[in-house]
1. Please find, among A:VAL20, A:VAL15, A:VAL97, the residue that is in the same structural domain as A:MET196 (by TED's automatic domain parsing) and either farther than 27 Å from A:ILE252 by Cα or among the hydrophobic types (A, V, I, L, M, F, W, C) (or both).
2. Of all residues in region B:68-97 being β-branched (Val, Ile, Thr) and out of contact with any Ser or Thr (no Cβ under 9 Å at 6 or more places or on another chain), which is farthest from B:GLU112 (Cα to Cα)?
3. Give the residue that is farthest from the other protein chains (Cβ to nearest Cβ), with candidates limited to residues of region B:46-104 that are assigned to a helix (DSSP H, G or I), under 28 Å from the mean Cα position of the chain (by Cα) and in contact (Cβ under 8 Å) with a residue 24 or more places away in the chain.
4. Which residue, of B:LEU32, B:LEU42, is more than 9 Å from chain A (Cβ to nearest Cβ), within 19 Å of the chain's Cα centre (by Cα), surrounded by 15 or more Cβ atoms within 10 Å (Cβ to Cβ) and part of a strand (DSSP E or B)?
5. Looking at B:LEU258, B:LEU240, B:LEU194 in this structure, which one is in contact with a helix residue (DSSP H, G or I) (Cβ under 9 Å, 6 or more places away or on another chain) and buried (at least 18 other Cβ atoms within 10 Å of the Cβ)?
6. Of all residues in region B:121-138, how many are within 16 Å of B:ALA175 (Cβ to Cβ) and within 12 Å of chain A (Cβ to nearest Cβ)?
7. Out of all the residues in region B:213-224, is one or more within 23 Å of the chain's Cα centre (by Cα), at pLDDT 85 or above and surrounded by fewer than 18 Cβ atoms within 10 Å (Cβ to Cβ)?
8. Scanning region A:216-233 for residues that are touching a Ser or Thr at 6+ places or on another chain (Cβ under 6 Å) and not in a helix (DSSP H, G or I), which turns out nearest to A:ILE252 (Cα to Cα)?
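The values are calculated or read from the model by the stated rules, or taken from the named source; none is laboratory data. This is a predicted model, so every value here is computed, not measured. All Cβ positions, glycine included, derive from the backbone under ideal geometry; neighbour counts span all protein chains shown.
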Amino acid sequence: MPRSRNEPLHWLFAVLGGLVLLFIIAPLAGMALDTSFPELAETARDPEVRQSIGLTLWTSMAATLLLSVAAIPFAWLLARKDFPLKHLVSAIVDVPVVIPHPAAGIALLGILSRDSFAGRTAERFGIEFVGGPAGIVVAMAFVSLPFLINAARDGFAAVPERIERAALNLGASPTRVFFTVSLPLAWRGIVSGLVMMWARGLSEFGAVVVIAYHPIVTPVLIYERFGAFGLKYAQPISVLFILVCLAFFVVIRILTRRQDHVVR
Amino acid sequence: MLSVDALQKRLGDFAMRDVSFDVAEGDYFVLLGASGVGKTVLLETLAGLVVPDGGRIVLDGADITATRIQKRRMALVYQDQALFPHMSVKRNIAYGLPGSSWSRRRAHETVEALAATVGASGLLHRHPGTLSGGEAQRVALARALATQPRCLLLDEPLAFLDARARGRMRGLLRALNRQGHTMVHVTHDYEEALSLASHVGIMENGRVVQTGTPTEVFHHPKSEFVAQFVGIRNFFHGTLEPTPEDGIHRFITHGLALHIATNAQPGPGSLILRSEDITLSQTRTDMSAQNSFLGTVVDIAPSARGVEVIIDIGVEVAALVTERAVEHFHLHCGQKIWAGFKATAARFIEE
């Protein structure tokens, strides 16, 4: 881009941008600075905190991985095929983002409770949704799924269709084309969708708390400590949880960093 | 071998109305058409990537109109090659090797042989993003050949290449054709057709309006459109002699020696000459035109841009003149007249 003269208007925009950044950083920094290292260390040793962080991490990962099996092929379909009511289908995919999450939890509770068909069937296989990790997984998956589907769809849409056609022409079956061409080329979009879905899942409070207060996930624990003991007791666990999540994101980003392929 | 019969396809604004042509085994068939007449769609239809609305495609006597893409053995090379950007050149070429029964070593040897065929041996470990246009095109050809196709479908294979790469690619395509590969090549460039085709077809308005050998189509265009489109009425196969005098080469065709100014390599090739560059005179003139031949008028035909006069000077040449010139010379069939052109007006295309 050619360098252009900075107009006063652009300076105003920069100031506004700075305010936005400050708005994000200030509360987090304030909380982090308010928390001493001994407090943090003590919180990290608390078995209830450890358990809840562990539970939150694995349920959100399980939600992401389980749903990705269906969501990624579905995303390809949305990127590549035209079908009747496609706009409606795309809108339905976005519904979990726009509805209030406690309402989503209530809706899920309705179909997963012990009185429901799904609840009874699952119980027969020893799976309890209400008040169990399975319920947490479902609640997390419900509210976070759109992030994966939308990012993966954009990833697939960015793969030139000609490249898939060329693969078909070379005698590859559609299955082989999907796994050897479409999926690797859309990989960046998909990974970013997986990370987004996971992040959204592990931060979920509203839907999870309706289905399973216990076993307790970290967002619920933070809320519980705040309610029972006040701000000072909720801060260290918040900081700890944020640090653990950030560490995971960084590791995932590094592990999935691949060479940028120039698509000709 | 390949027979296309009344193929139809409607895609948005574009319509392929009634495309029919035949390609014999070992042919080099070039389909010429302006940009946007649906040449790519036609190739994709032949390859099975696009389902036609009507018509038939017959390959080796079998109707393959509804055959699965993977079973057609029609290898399509896209204009932009569509190489897999996340795979090495080697894996790109190996992608289309048929069957899983191939051992790793066999596959490796086959890939090396294919790369050698197209002159891409040194590129096997590179990634497509690092290749030049000509290199990518050669890799795409090798990848297509790996499928052992009955027919190669080429979409403007010379379009994005510079002059030198273009010359080499032409040589490669011709060599592949000589090895027995049947080619269907679409382009908007009549020079490609002239230098490569054993047969050409002209596409207009979603139809193939004329097919035949280059000589038949270029010398005897069936319609004004074809004449306009092919643009060139005068072309001759012959040989450029090696020793130039003052940069002027002798080009020998049908026992005639034409003088042309060119930097091209001597050898076999085609000479093209625009009909508007040919001048007529009643006496041998002493102009800068080095080429002057006494010939006989064999045809006079009005055309959209003037009057086309066909003169037999040993070969038939077409001269485009004005109505006034026709009156001035009292032109009529059987008349003797001098036809001339400048050495710089002729263009030589190497084979």
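1. On the way: A:VAL20 fails: in the same structural domain as A:MET196 (by TED's automatic domain parsing); A:VAL15 fails: in the same structural domain as A:MET196 (by TED's automatic domain parsing).
Result: A:VAL97 is the single residue among A:VAL20, A:VAL15, A:VAL97 that is in the same structural domain as A:MET196 (by TED's automatic domain parsing) and either farther than 27 Å from A:ILE252 by Cα or among the hydrophobic types (A, V, I, L, M, F, W, C) (or both).
2. Let us first name the residues in region B:68-97 that are β-branched (Val, Ile, Thr), namely B:69, B:77, B:89, B:93.
Cutting the leftovers down to out of contact with any Ser or Thr (no Cβ under 9 Å at 6 or more places or on another chain) gives us B:69, B:77, B:89.
Numbers: B:ILE69: 26, B:VAL77: 20, B:VAL89: 11 Å.
The qualifying residue farthest from B:GLU112 (Cα to Cα) is B:ILE69.
3. Step by step, filter region B:46-104, then rank; the result is B:VAL89.
4. Values: B:LEU42 fails: part of a strand (DSSP E or B).
Exactly one of B:LEU32, B:LEU42 is more than 9 Å from chain A (Cβ to nearest Cβ), within 19 Å of the chain's Cα centre (by Cα), surrounded by 15 or more Cβ atoms within 10 Å (Cβ to Cβ) and part of a strand (DSSP E or B), namely B:LEU32.
5. Values: B:LEU258 fails: in contact with a helix residue (DSSP H, G or I) (Cβ under 9 Å, 6 or more places away or on another chain); B:LEU240 fails: in contact with a helix residue (DSSP H, G or I) (Cβ under 9 Å, 6 or more places away or on another chain).
So the residue among B:LEU258, B:LEU240, B:LEU194 that is in contact with a helix residue (DSSP H, G or I) (Cβ under 9 Å, 6 or more places away or on another chain) and buried (at least 18 other Cβ atoms within 10 Å of the Cβ) is B:LEU194.
6. Here is the first cut: in region B:121-138, the ones within 16 Å of B:ALA175 (Cβ to Cβ) are B:121, B:134, B:137-138.
Now narrow it down to the ones that are within 12 Å of chain A (Cβ to nearest Cβ): B:137.
The total comes to 1.
7. Yes, the conditions are met somewhere in region B:213-224.
8. Filtering region A:216-233 for residues that are touching a Ser or Thr at 6+ places or on another chain (Cβ under 6 Å) and not in a helix (DSSP H, G or I), the one nearest to A:ILE252 (Cα to Cα) comes out as A:VAL217.
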